[in-house]
Amino acid sequence: MGNTGNDILIVGAGFAGIGMAIRLKQAGIDDFVIIERADRLGGTWRDNTYPGIACDIPSHLYSYSFEPNPGWSRFFAPQDEILAYLEHCADKYGIRPHIRFGTSATGGSFDERTGKWTVTTGDGKTLSARVVVSGSGHALSKPVFPDVPGREKFQGKSMHSARWDHDYPLEGKTVAVVGTGASAIQIVPSIAARVGKMHVFQRTAAWVVPKPDREITAREQAMFRKRPQLQMLARRGIYWILEAMAVGYVVEPRLNRIRELRSLRFLEQSVRDPALRAKLTPHFRLGCKRVLFSNEFYPALQRENVELVSEGIAEIKERSIVTRDGKERPVDVIVYATGFETSEAKPPFPILGRGGVALAEAWRDSIEAYLGTTVPGFPNFFLILGPNCGLGHSSMIFMMESQFAYIVDAIKTMRAKRLKSVEVRREVGRRYNEKLQKRLAGTVWNQGGCASWYLTKSGKNTTAWPGFTFEYRLRTRRFDAGSYELAREDAAGRPAGLSGAAPAKIRPVA
Ligand code: NAP
């Protein structure tokens, strides 16, 4: 009785969608479906396969708390292991039968009368659901190319870091890598030895620190298998070490001076040439942009066949790149390690809430959500890693797991109280975001003197969480029904106002 009509549609089968589904199952809820645009699960860890790709958060922590993996081969696992881990989780918890592959959400609209969402899909079908959970990568899923004159005229091979073409041989080629962010810093050392020549185009020098990576021995793996509590202990230790670093992000950015000095010493020890060192010296507070972990980036830049170019790209021609100083470098390949749509991001797909208002319209002036999860005017709609959930110091899986708990509790509340819909109160959302922005004003992202994707063009921080991750965990432990408008079903067990039969489980209706 309790779950009449409370059917759930999850969009996206990455870390967010799979984890959400597992947590629902564990809570005894299994009337959900996941739609996934690709033919394989994995999200960002499926799409990003560039050479050298690995996690930059220790894997004991960059994994679900309920499914430790004793088999990680390294402290920072490579992409193929992370993808295999996610597939293992989907299989172990019986999630795969719930996934409809090759199905993208193309639109969604909320019907106030029935309290249900109608979601259209790329194959022309329509799905009906009480609750929609978007796990489709609000940020970091849509590749961005730089707005450089002539880019479309280039006649050689171009690829984005997130769409690597493994069939294209780089051997002996002259390769341009545009960007020196978290992706580029992994790509450059991985391909430097096999390309003919490489020009790395840097716009802003980043803070680089040593990566404390190492192999996890077979003995350690066996120990973790035998005693899972030891791996949990390692996880907790890593969590608290990283959490301590949040102080320099969200409490007092000047404290990061200590890490800056260590990073500058690392640069000095790693790079002999003072001119190259000067080019690589950052001029903003550490943490303002993502801190990069690498033991190989500086050595790669000092190879005979590698050049760091910091003059800025003026133009791309048919077979070359011209910098602002007028120098032209012929290239065969351009690798764009230039990141993703983020703070200016649009809704994951076109969504119409109460009164037919588009989420894009509601977010036109400012992208915001309550707890990064719910949006006034969009009942029964939950975002995983929505606005202001991002971190500079720890694992995003931790943030997702907080949201899983919140959303599961919301759905359980809906079922227990026979609710047709839950919608965060506008006033609650407004107050929450006012406080959030006030706190963000003192953080390293807002104060650190850099231009980053954490901020919109107008300087608003729509991506970062302004506190410790345990604060977020505490705030999302329970669904705070008092912050929501609750609409009840009628006495007959149907959503109030609905005169037809009780809604069935998710099913194609067109
Ligand atoms: P990103 O951090 O946005 O970096 C993009 C890079 O491209 C920056 O260095 C940027 O320079 C540069 N760029 C943009 N336009 C340019 C131009 N016209 N000329 C020269 N350079 C230009 O993107 P990303 O490296 O792909 O990383 C995105 C995020 O993905 C990371 O912050 C991280 O959260 C995640 N990531 C994680 C891992 C992991 O190991 N877990 C690995 C890779 C990525 P400016 O600094 O001047 O803007």
*Could you tell me what percent of the accessible area of the range 384-441 is made up of carbon and sulfur, with a 1.4 Å probe and every protein chain present?*
53
*the range 31-78-the range 236-304 distance, computed between alpha-carbon centres (Å)*: 25
*Taking Cα atoms, how many degrees apart are the long axis of helix 396-416 and the longest axis of the chain, rounded to 10 and kept between 0 and 90?*
10
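Summarise the accessible area of the range 1-117 (1.4 Å probe, protein heavy atoms) by the percent that is carbon and sulfur.
49
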_At 1.4 Å probe radius, can you tell me the per residue accessible area of the range 167-241 in Å²?_
51
_Three principal axis lengths of the chain [C-alpha, angstrom, descending]_ = 78, 54, 44
*Listed highest first by mean packing, meaning other Cβ atoms within 10 Å per residue, what order do 470-478, 47-55, 11-19, 64-72 come in?*
11-19, 47-55, 64-72, 470-478
*Using mean Cβ contacts within 10 Å as the protection proxy, how do 436-447, 142-153 order, highest first?*
436-447, 142-153
*Specify whether the C-alpha gyration tensor of the range 59-170 places it in the rounded, prolate or oblate class, a ≥ b ≥ c being the square roots of the eigenvalues: rounded for a/c under 1.5, otherwise prolate if a/b is larger than b/c and oblate if not.*
oblate
*the chain, relative contact order [Cα under 8 Å, separation at least 6], %*: 22
*asked:* Quick check: Cα centre of the range 341-376 to Cα centre of the range 393-407, how many Å?
replied: 20
*By how many degrees, 0 to 90 and rounded to 10, does the Cα axis of helix 228-245 deviate from the longest principal axis of the chain?*
70
*asked:* If you roll a 1.4 angstrom probe over the protein chains with everything in place, what fraction of the accessible area of the range 181-278 belongs to carbon and sulfur, to the nearest %?
replied: 57
*Take the alpha carbon gyration tensor of the range 162-201, find the square roots of its eigenvalues, order them as a ≥ b ≥ c, and report rounded if a/c is under 1.5; if not, report prolate when a/b exceeds b/c, else oblate.*
oblate
_So for the range 358-417, averaging the separation of alpha carbon pairs under 8 Å that are six or more residues apart and normalising by length, what relative contact order in percent results?_
23
*Can you give the calculated 222 nm mean residue ellipticity of the chain, where each DSSP H run of n ≥ 4 adds -39,500 (n - 2.57) and the sum is split over every residue, rounded to the nearest 500 deg cm²/dmol?*
-8000 deg cm²/dmol
_Within the chain, percent of DSSP bridges classed antiparallel, to nearest 5_ = 45
*Would you mind checking the tilt of helix 426-440 against the longest principal axis of the Cα atoms of the chain, expressed as 0 to 90 degrees and rounded to 10?*
20
_Once the cut-off is 24 Å, how many percent of the Cα-Cα pairs in the range 268-387 end up in the long-distance tail?_
55
*Order of 374-384, 316-326 by packing, highest average Cβ count within 10 Å first?*
374-384, 316-326
_Global geometry of the range 134-214, whether rounded, prolate or oblate, following the gyration tensor of its Cα atoms and the 1.5 cut on a/c_ = rounded
*Sorted from largest down, what three extents in whole angstroms do the Cα atoms of the range 204-287 have along their principal axes?*
52, 33, 18
_Give me the percent relative contact order of the range 1-108, please, defined on Cα pairs under 8 angstrom at least 6 residues apart._
36
_Cysteines without a disulfide-compatible neighbour (Cβ-Cβ under 4.7 Å), the chain_ = C55, C89, C389
*Beyond 25 Å, what share of the Cα-Cα pairs of the range 157-262 remains, rounded to the nearest whole percent?*
50
*Alpha-carbon centroids, the range 92-140 and the range 411-444: separation in whole Å*: 22
*Could you list which residues have their amide H under 5 Å from that of G390, counting only those 5 or more apart in sequence or on another chain, with H placed in the peptide plane?*
A464, W465
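The values are calculated or read from the model by the stated rules, or taken from the named source; none is laboratory data. Everything quoted here is computed from the prediction, not taken from an experiment. Reconstructed Cβ throughout: ideal geometry from the backbone, glycine too, with neighbour counts over all protein chains shown. Surface areas here come from the heavy atoms of the whole protein model, side chains and all, with no ligands, DNA or RNA. Shrake-Rupley method; radii C 1.70, N 1.55, O 1.52, S 1.80 Å.
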